[in-house]
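Taking it in order: structure first as C-alpha cells, then the write-up.
Just so it is clear, none of the values below were taken in a lab; they were calculated from the coordinates. Because the structure is predicted, anything quoted here is derived from the model rather than measured. No Cβ is skipped: glycine too gets one built from the backbone with ideal geometry, and neighbour counts run over all protein chains shown.
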Amino acid sequence: MQGTRHHLINFIPELLAATSTKRQRIYRTLLKVIAHKPVSDRPGRSEPRVRKRRPKAYPLMTKPRHELRNQLQTA
C-alpha cells in the first residue's frame, strides 16, 4: 500500500501535465509498475470476517422499556 502511494505521488505531476493520449500511456505504465511490485510475506495477517459491535454514546438498555419510559417522565 505504501509503495503504491509513493508511485502514484511520483506519477501525478506527469499525469497532470500530459495530453489525453499521453495521459493514457502514463496511466497504463503506472498500473504496470504497481502490479509488478511484490507484496512481502506478512505472517499472522489473516483477519476473520466478522462484524464488531461499535461503541455508542448511550448506555445499554438494562431495564424493561416501560420502566425506562416511566423513569424519563418522572425525571
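Subtracting the Cα-Cα distance of Arg28 and Ile12 from their residue separation scaled by 0.36 nm leaves 4.5 nm.
Checking [x] 54, 35, 20; [y] 42, 25, 21; [z] 72, 36, 16 against Cα extents along the principal axes in Å calculated from these atoms, the matching label is [z].
For the range 20-26, backbone phi angles converted through the Karplus equation (6.51, -1.76, 1.60; θ = phi - 60°) give residue-by-residue couplings of 4, 5, 5, 4, 5, 5, 5 Hz, Gly and Pro being listed as x.
Going by alpha carbons, how many degrees (0 to 90, nearest 10) lie between the helix axis of 2-17 and the longest principal axis of the chain? It is inclined by approximately 60 degrees. Within the range 1-36, find all residues whose amide N lies under 11 Å from a label point positioned 7 Å from the Cα of Lys52 along Cα-to-beta-carbon. Within reach of a label on Lys52, which here means backbone N under 11 Å from a point 7 Å along Cα→Cβ, the range 1-36 contributes nothing.
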